[in-house]
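Participant: The structure's right below; bear with me while I get my questions together.
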Amino acid sequence: MSQVSSLSRSARRRHYLLCAPTHFDVRYSINPWMDPGQPTSPDLAMSQWQRLHGVLVDLGHTVELIEAVPGLPDMVFAANGAIAADGRALVARFRYAERVDEAPAYVEWFRSRGYHDVRQATVVNEGEGDFLTAGKQILAGAGFRSDPGSHDEVRDFFGKEVLSLSLVDPRFYHLDTAIAVLDDEEVMYLPQAFSPESRELLADRYPDAIAATEEEACLFALNAVSDGRHVILPTAATRLAAQLRERGYEPIGVDTTELLKAGGGAKCCTLELHDDPADAVDQA
Ligand code: ARG
């Protein structure tokens, strides 16, 4: 019998931005998961994404959509589009030419939403793919995509403390493929995806973290979306789901196998709008 924790977790209502995989495909390779020779199923990608979207809505979160642009097959990975908090948006500057044209769509989206400070990053910065809010801190990744200098830019732009981490395994090229923020104080991660120095920083900051196995990380189980109580992760990640349950979380399985052909999962598809201006209006 699985042990059920007496710890009760509370969900915080979130605001997310997603982009439907209308033009999803794998036509180029910019990470080790992408093989343009392997067939993709647009229908399966769409139904997997719709299930993720449905779960977020059913949990009571507000989900906005940005329109997919033809010719940009990776735009479904909305997490990469920006970092957004407190009415300010720092829009991505993508590393690879294949994705650079996504940025103007995000600039436009945030401007039209009434964000008071919308700027494109000046150095390579792949949005929430490499920058995860963890309580008052922002965990920042570098090594494959975002430039180390982007960590300073994020610190200055948002005025928040940034913990810089180095990624060392090309399969886990974005921070959100190697670590998941479960709540303000808790994370799960794959230690060997980080440099020895970063491992020490993480062990020090999160002594009770859940350590994932490489096998689970390869399912993109760390590419999870948590609202503080519910944790959306791949259905196949049963060991991690059991560990989450023991700690009082409610794991929710989704299949993102088709999106994994592009090197993405649930979190990659989900950009959190932290303290979106519309939430203040809602609550007024
Ligand atoms: N094919 C996309 C790329 O390589 C996948 C992005 C995944 N996004 C993420 N937040 N990890 O850029």
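The values are calculated or read from the model by the stated rules, or taken from the named source; none is laboratory data. All values derive from a computational prediction rather than experimental measurement. Cβ atoms come from the backbone with ideal geometry, glycine included; neighbour counts cover every protein chain shown. Surface areas here come from the heavy atoms of the whole protein model, side chains and all, with no ligands, DNA or RNA. Shrake-Rupley method; radii C 1.70, N 1.55, O 1.52, S 1.80 Å.
Participant: From the list ALA262, ALA237, ALA224, ALA211, pick out the single residue that is of a type in the set (A, V, I, L, M) and surrounded by fewer than 24 Cβ atoms within 10 Å (Cβ to Cβ).
Facilitator: ALA211
Participant: For ASP43, only one of the following conditions fails: (1) in contact (Cβ under 8 Å) with a residue 24 or more places away in the chain; (2) exposed (fewer than 12 other Cβ atoms within 10 Å of the Cβ). What is its number?
Facilitator: Only one criterion in (1) in contact (Cβ under 8 Å) with a residue 24 or more places away in the chain; (2) exposed (fewer than 12 other Cβ atoms within 10 Å of the Cβ) is unmet by ASP43, namely (1).
Participant: Something else now. Please go through the range 6-31 and give me each residue that is under 14 Å from HIS230 (Cβ atoms) and within 16 Å of the ligand (Cβ to nearest atom), ordered by number.
Facilitator: TYR16
Participant: Could you tell me whether the range 54-66 includes any residue that is surrounded by fewer than 18 Cβ atoms within 10 Å (Cβ to Cβ), touching a Leu at 6+ places or on another chain (Cβ under 9 Å) and not aliphatic (A, V, I, L, M)?
Facilitator: Yes, that holds for at least one residue.
Participant: Return the residues of the range 229-257 that are charged (D, E, K, R) and within 17 Å of the chain's Cα centre (by Cα); say none if nothing qualifies.
Facilitator: Listed by number, the residues that qualify are ARG229, ASP255.
Participant: Return the residues of the range 62-118 that are more than 15 Å from the ligand (Cβ to nearest atom) and among the acidic types (Asp, Glu); say none if nothing qualifies.
Facilitator: Listed by number, the residues that qualify are GLU64, GLU67, ASP86, GLU108, ASP117.
Participant: Looking at (1) of a type outside the set (S, T, N, Q); (2) part of a strand (DSSP E or B); (3) closer than 19 Å to GLY264 by Cβ, can you tell me which one ALA89 breaks?
Facilitator: (3)
Participant: Of the residues that make up the range 134-143, is at least one more than 27 Å from GLU67 (Cα to Cα), open to solvent by 30 Å² or more (accessible area, probe 1.4 Å) and within 16 Å of the ligand (Cβ to nearest atom)?
Facilitator: The answer is yes, given that some residue of the range 134-143 is more than 27 Å from GLU67 (Cα to Cα), open to solvent by 30 Å² or more (accessible area, probe 1.4 Å) and within 16 Å of the ligand (Cβ to nearest atom).
Participant: Now a separate question. May I ask you to verify whether ALA92 is among the small types (Gly, Ala, Ser) and either surrounded by fewer than 16 Cβ atoms within 10 Å (Cβ to Cβ) or within 28 Å of LEU167 (Cα to Cα) (or both)?
Facilitator: The answer is yes for ALA92.
Participant: From the list ARG111, ARG99, ARG119, pick out the single residue that is touching a helix residue (DSSP H, G or I) at 6+ places or on another chain (Cβ under 8 Å), surrounded by fewer than 24 Cβ atoms within 10 Å (Cβ to Cβ) and part of a helix (DSSP H, G or I).
Facilitator: Numbers: ARG111 fails: touching a helix residue (DSSP H, G or I) at 6+ places or on another chain (Cβ under 8 Å); ARG119 fails: part of a helix (DSSP H, G or I).
Just one listed residue meets the conditions, ARG99.
Participant: State yes or no: is GLY265 of a type outside the set (Phe, Trp, Tyr), within 24 Å of VAL57 (Cα to Cα) and without any contact (Cβ under 8 Å) to a residue 60 or more places away in the chain? Before you say what the answer is, go through the steps one by one.
Facilitator: Values: of a type outside the set (Phe, Trp, Tyr): yes; within 24 Å of VAL57 (Cα to Cα): yes; without any contact (Cβ under 8 Å) to a residue 60 or more places away in the chain: no.
So GLY265 fails the test.
Participant: Further question: Which numbered condition trips up PRO73, out of (1) in a loop (DSSP other than H, G, I, E, B); (2) closer than 30 Å to LEU201 by Cβ?
Facilitator: Evaluating PRO73 over (1) in a loop (DSSP other than H, G, I, E, B); (2) closer than 30 Å to LEU201 by Cβ leaves (2) as the failure.
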